[in-house]
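Below you'll find the structure, written out as structure tokens, and then a few comments.
The values are calculated or read from the model by the stated rules, or taken from the named source; none is laboratory data. Since we're looking at a predicted model, the values are computed, not measured. For neighbour counting, all protein chains shown are included, and Cβ atoms are generated from backbone atoms with ideal geometry for every residue, glycine included.
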Amino acid sequence: MAIQTTQDPFRRSISHILDIIGEGWSLLIIRESFFGIRRFEEYQSQLGIARNILTARLKKLCENGILERVPIKEGAKRHEYNLTAKGKELMPVLIALTQWGDKWVYGENAEPVIFLDRRYAEPISRIEVKSARGEHLRPRDVMVAPGPGSTPDSKKRIEEMHRRTEESDKNSKCSNLEKSL
């Protein structure tokens, strides 16, 4: 089911991506691909997913360049599914979702899975947003600017967001000043 984007000036960002990978089975198929699953029967066995749903999700992931369907060997009728470069770039997304879920659903020291650096067999660091200079950024440290593909609607929305942030900053500064008096 496609996400309604008529009211979303950023429809070319998150909502478009959710149309491709936002359905739960799709993310699980991608996760299993990272874990080395390649064949239809393996996905079905590991996930317990109905054949018709698996067929539809694999087709959509292939159509959108996340997976590629290739013959097991030349001339074979059976196929396997491999992550493309585009699909491999979803690794930080899957790890971030896993880390978020482990923290907020299971709690610290109750994680069902821990990702390790294969070379050193040590846990990887938490996924975080950093500046181009490598500094950790909090949500309040990040702002949005129009990109090369922005539309008039998205530019208008960004201007509104900046105005709202400026007003909030002014109110916060006034409140801090009043507290100090």
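A single entry from Leu83, Leu116 fulfils the requirement of being in the same structural domain as Glu63 (by TED's automatic domain parsing) and either over 20 Å from Arg31 (Cα atoms) or among the hydrophobic types (A, V, I, L, M, F, W, C) (or both): Leu83. None of Val70, Val113 is under 17 Å from Ser33 (Cα atoms) and assigned to a loop (DSSP other than H, G, I, E, B) except Val113.
The set of residues from the stretch 58-91 being within 15 Å of Glu41 (Cβ to Cβ), of a type outside the set (A, V, I, L, M) and out of contact with any His (no Cβ under 6 Å at 6 or more places or on another chain) comprises Lys77, Arg78, His79, Glu80, Tyr81.
Residue count for the stretch 134-158, restricted to those that are among the acidic types (Asp, Glu) and modelled with pLDDT of 90 or more: 2. Checking the structure you have, find out if any residue of the stretch 32-53 is surrounded by fewer than 15 Cβ atoms within 10 Å (Cβ to Cβ) and hydroxyl-bearing (Ser, Thr, Tyr). Yes, the stretch 32-53 has at least one match.
Among residues of the stretch 141-160 that are within 24 Å of Glu128 (Cβ to Cβ), those with a Cβ under 8 angstrom from a residue that is in a helix (DSSP H, G or I), sequence gap 6+ or separate chain, pair up as Met143/His162; Met143/Thr165; Val144/Ile158; Val144/Met161; Ala145/Ile158. Among the residues examined, Gly107 qualifies as small (Gly, Ala, Ser) and modelled with pLDDT under 95.
I need the full set of residues from the stretch 126-153 which are in contact with a Pro (Cβ under 9 Å, 6 or more places away or on another chain) and more than 17 Å from Ala96 (Cβ to Cβ), in order please. Ser150, Thr151, Pro152, Asp153, listed by residue number.
Of everything listed in (1) out of contact with any Cys (no Cβ under 8 Å at 6 or more places or on another chain); (2) within 23 Å of Arg39 (Cα to Cα); (3) not in a helix (DSSP H, G or I), the single unmet condition for Leu94 is (3). Can you spot a residue in the stretch 33-46 that is in the same structural domain as Arg78 (by TED's automatic domain parsing), of a type in the set (S, T, N, Q) and under 20 Å from Gln99 (Cα atoms)? Yes - at least one qualifying residue is present in the stretch 33-46.
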